[in-house]
2 protein chains.
Amino acid sequence: MSVDEERRSTRVKRLPREVRERQILDAAVRVFSQYGYHNASMDEISEVAGVSKPMIYAYLGHKEDLFAACIRREATMLMEAIAAGVTTEQAPDMQLWHGLRAFFQFVGEQKQSWRVLHRQATSQGGPFSEELLAMRSRAINLVDALLVRSATTRGEAPAKSTEALAAALVGASESLADWWLDHPEVSDKTVASWLMNLVWMGFGDLVTGTVWTPTPE
Amino acid sequence: MSVDEERRSTRVKRLPREVRERQILDAAVRVFSQYGYHNASMDEISEVAGVSKPMIYAYLGHKEDLFAACIRREATMLMEAIAAGVTTEQAPDMQLWHGLRAFFQFVGEQKQSWRVLHRQATSQGGPFSEELLAMRSRAINLVDALLVRSATTRGEAPAKSTEALAAALVGASESLADWWLDHPEVSDKTVASWLMNLVWMGFGDLVTGTVWTPTPE
DNA sequence: CTCCTTACCTACTCTTCAGTAGGCTACGGA
DNA sequence: TCCGTAGCCTACTGAAGAGTAGGTAAGGAG
């Protein structure tokens, strides 16, 4: 059996476009998350995906398009995971709690997705980060709305600062998620509860020993 | 007068190495902060600096070295600015308050420095980010120590979570600083006080209307 | 005046990699 | 059985940009 014959026989069969696109995106997320956007080469992605480079261009377009597609897919998954845990009927603190839990659970399960979202997309000033910045804004708006609602239901005028604080909270979550990647011995629930206590009760209470606990469902 | 003669006559005189190095670093910070590490070219940096490319290589070494030098210089300035405002004699909340104020003041005054530190260095997985990660760790350790001290002086065992919370706070500060870049109408003091209230009092107090205020010095 | 060091430049090389041209083959329908 | 389309590849081009070779010249020391 010649080399050519062997290669032909062991080559995976022709697959429908859908499947290939998934394979390519999976590979791209892996490679981007490992090397970063610029150091990731289309050649390596095609190799990991098990297809040739022109296939990528045919199906997903240029490098930037491919990256944007990765971001879009992973960010959508993240947002959906969070949305699944939160309903507007819950009290504000419970909404935040479930949101945080869902977030850390996602990060714990999809470390690569998280890396490509956070570490890569944030930085590059190029046209791709827009996709990611938009998602981040959505997250901030979500938290902002939560804060505004919880203030107004108590009859107060919403503070000017809610949007800024929402941004701070999102940043805190991201940073804590990064810390967590280096300390995997802690459970996702524990990490979430730390942050919950910080933002809901403040350091002041860390010092005095008061803690927030979720009310039983 | 020929072109050559004009060029020669308008050319800035020979300058000592020190001065050139400063010019080059200034240019590098500007260009890196605008385009990001990868999209910044040595040619452009040399042009902005007003020297030729080989000068950069002679004085500051390769691209990575140059970038690391930028990070080191800017990060050192930031840490010194923060350290200048904080003394260990102050109460924990005042230490945090002054640290935050110094931080936001620095960001407000040195936007480019901040961009190159935060947006660029965090992301690239290369050998340079180590410089930055080290600085970030120092900041986290500083906050961690603050939390541990404030807990132990109250006779409590320090919680396991202080390091994680310190990371969260640093992330919140970074994220809030980014938000602030897009909302320059707010004063640095105001932004600092928002974050201070968040971390010291929690959202719970935002909702109930309690606020932390610095005790008069 | 000569020599040597230090400042400084032009004009390359060489590599890496995004993106493409052009074609081959499996397979379903007419 | 012939044809069209969709899956798939090898083998290239072209540009950008990091890094360098090999110089010129200013100016101080002797």
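Read-outs throughout are calculated quantities, based only on the coordinates presented, and are distinct from any laboratory measurement. None of these values were measured; they are calculated from a predicted model. Neighbour counts are summed over all protein chains in view; Cβ atoms, including those assigned to glycine, are modelled from backbone coordinates with ideal geometry.
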Handout entry: Residue among B:75, B:91, B:84 that is small (Gly, Ala, Ser) and crowded, with 21+ Cβ neighbours inside 10 Å
Key = B:75
Exercise for the section: Quick one: in segment A:62-72, of everything that is within 16 Å of DNA strand C (Cβ to nearest atom) and away from chain B (no Cβ under 14 Å), which residue is surrounded by the most Cβ atoms within 10 Å (Cβ to Cβ)? Expected result: A:70
Practice task
Exactly one condition in (1) more than 10 Å from DNA strand C (Cβ to nearest atom); (2) of a type in the set (S, T, N, Q); (3) within 14 Å of chain B (Cβ to nearest Cβ); (4) not in a helix (DSSP H, G or I) is not met by residue A:33; state its number.
Solution key: (4)
Handout entry: Condition check for residue B:82: among the β-branched types (Val, Ile, Thr), more than 16 Å from DNA strand D (Cβ to nearest atom) and assigned to a helix (DSSP H, G or I)
Key = yes
Exercise for the section: Working carefully through the options B:119, B:73, find the one that is of a type outside the set (Phe, Trp, Tyr) and more than 25 Å from residue B:193 (Cα to Cα). Expected result: B:73
Practice task
Would you confirm whether any residue within segment B:43-61 is more than 9 Å from DNA strand C (Cβ to nearest atom), out of contact with any Cys (no Cβ under 8 Å at 6 or more places or on another chain) and in a loop (DSSP other than H, G, I, E, B)?
Solution key: yes
Exercise for the section: Please work out which residue is nearest to DNA strand D (Cβ to nearest atom), limiting yourself to segment B:58-74 and to residues that are more than 17 Å from residue B:112 (Cα to Cα) and in contact (Cβ under 8 Å) with a residue 12 or more places away in the chain. Expected result: B:63
Practice task
Would you point out the residue of segment B:164-203, among those that are at the interface with chain A (Cβ under 7 Å from one of its Cβ atoms) and without any contact (Cβ under 8 Å) to a residue 12 or more places away in the chain, that is farthest from residue A:185 (Cα to Cα)?
Solution key: B:179
